[in-house]
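Heads up, the thing below is written out as structure tokens.
The values are calculated or read from the model by the stated rules, or taken from the named source; none is laboratory data. Computed from a predicted structure; not experimentally measured. Methodologically, a virtual Cβ is constructed for each residue, glycine included, from the backbone with ideal geometry; neighbour enumeration extends over all protein chains shown. Side chains are part of the model used for accessible areas, which takes the heavy atoms of the whole protein and leaves out ligands, DNA and RNA. Shrake-Rupley method; radii C 1.70, N 1.55, O 1.52, S 1.80 Å.
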Amino acid sequence: MKQVRPKKNLGQHFLTDLSIAKRIADTVDEPYADLPVLEVGPGMGVMTKYLVEKPRPLKVVEIDRESVAYLNEHFPKLRENILGADFLRMDLRQVFDGQQFVLTGNYPYDISSQIFFKMLDNRDLIPCCTGMIQHEVAVRMASQPGNKQYGILSVLIQAWYDVEYLFTVEPSVFNPPPKVQSAVIRMTRNKVEHLGCDEQLFKRIVKTVFNQRRKMLRVSLKQLLSEETLKTLTDAPTSPFNQQFATKRPEQLSIGQFVELTNMVESTMCTNTNN
């Protein structure tokens with residue numbers, strides 16, 4: 001069978017450098033070398049050829065029918081474990097019968113954030129996620145407070161995972177070459193089981209304030225809170241909100257401070273509702 005033609009609508013950029021493919025495949029070995037592996041978007045199997053050699057269960061999920069046919073022909077031993085499906089629509093509990101697994105892949109740039117949000121929703125199943133994404137996204141995910149790259153992805157992912165930026169990959173090793181650099185990362189579940197706040201409100205606050213990241217929190221929170229709640233938060237000059245958060249911008253807050261802010265907002269909302 002001839003090689004698969006990269007499809008622009010699927011964001012396909014096939015890695016052609018085997019040494020880099022092996023380096024990426026080897027990122028799944030730490031710290032969970034005994035867990036099964038699910039590879040997303042294997043394409044023509046440049047990473048798969050190294051993953052399949054590892055002494056652990058492997059499944060691959062590929063949405064492109066042409067790639068699925070190619071994989072079935074070139075990886076006959078893997079045939080029962082080649083899933084022709086859309087990862088974003090899959091029930092991940094059914095992949096390995098509810099068992100935890102390591103997620104990896106050369107992720108399509110245009111849906112990488114969606115993939116990681118799905119990872120967060122299934123964090124009890126995925127203690128480790130590795131792979132290649134757009135360099136800019138990788139930098140954002142690994143950024144710390146006080147950095148201009150620190151944003152929504154940084155906070156929401158680092159709340160549950162430790163993020164390592166492993167190495168940079170140049171465009172020249174892809175077919176077709178992307179217009180930007182790529183990067184390989186590894187995310188490992190931290191020890192947090194509960195954030196200590198309302199997680200849905202936490203996400204709403206993080207997304208709201210970072211969508212207006214140049215504004216102080218007392219201004220950006222107007223998009224989320226009622227006038228009454230905001231007035232209660234800011235009315236007294238000595239209020240905890242005024243002292244700790246009012247004049248800060250979102251990139252200045254640690255994850256712990258976002259948790260504290262969430263609890264403060266929730267408490268104020270409940271007080272106003274009960275009065």
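Listing for the model above:
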read-out	value
The chain: calculated mean residue ellipticity at 222 nm from DSSP helix runs of at least 4, using -39500 (n - 2.57)	-9500 deg cm²/dmol
Percent of beta bridges antiparallel (DSSP, the chain, rounded to nearest 5)	55 percent
10 Å binning of all Cα-Cα separations within segment 91-139, expressed as whole percents from 0 upward	25, 54, 19, 2
Size-normalised alpha-carbon gyration radius of the chain, reference 2.2 N^0.38 Å	1.16
Equivalent ellipsoid dimensions for segment 1-147 as semi-axes, Å, which come from the Cα gyration tensor, largest first	23, 19, 15
Between segment 158-198 and segment 40-69, the alpha-carbon center distance in angstrom	20 Å
Using alpha carbons only: equivalent-ellipsoid semi-axes of segment 68-221, gyration tensor based, whole Å	30, 21, 13
Folded to 0 to 90 degrees: helix 112-121 orientation relative to the chain principal axis, Cα	70 degrees
Among Leu261, Ile185, Gln212 - extreme Cα towards positive end, dipole of segment 176-264, charges at beta-carbon	Ile185
Dipole axis of segment 54-126 (+1 Lys, Arg; -1 Asp, Glu on Cβ), positive-most option in Pro57, Leu88, Thr104	Pro57
Two-site label geometry, Asp121 and Ser239: point separation in nm, points 7 Å out along Cα→Cβ	3.5 nm
Isotropic mean projected area of the C-alpha convex hull, segment 176-248 (nm²)	8.3 nm²
Whole-angstrom gap from segment 222-272 to segment 77-152, using each part's C-alpha centre	32 Å
Within the accessible area of segment 120-224 (1.4 Å probe), percent carbon and sulfur	45 percent
Sites Gln100 and Gln149, calculated FRET efficiency, Cβ-Cβ separation with R0 35 Å, nearest 0.05	0.70
Set of lysines near Lys8 by C-alpha distance (under 28 Å), chain-local residues within fewer than 8 positions excluded	Lys22, Lys49, Lys59, Lys118, Lys179
Segment Arg93-Arg249, length gained on full extension (0.36 nm per residue, minus Cα span)	52.3 nm
Dipole moment magnitude, nearest 20 debye, segment 7-58 about Cα centre, only Lys, Arg, Asp, Glu C-beta charged	320 debye
Length gained when the stretch Glu266-Thr16 is fully extended (0.36 nm per residue, less Cα-Cα span)	84.9 nm
Cα-Cα separations in segment 1-78 greater than 17 Å, expressed as whole percent	44 percent
Per-bin percent of Cα-Cα distances, segment 69-153 [5 Å]	3, 12, 19, 21, 19, 13, 7, 4, 2, 1, 0
Three-way shape label, segment 144-202, alpha-carbon gyration tensor, a/c 1.5	prolate
Volume of the Cα convex hull of segment 228-270, divided per residue and given in Å³	63 Å³
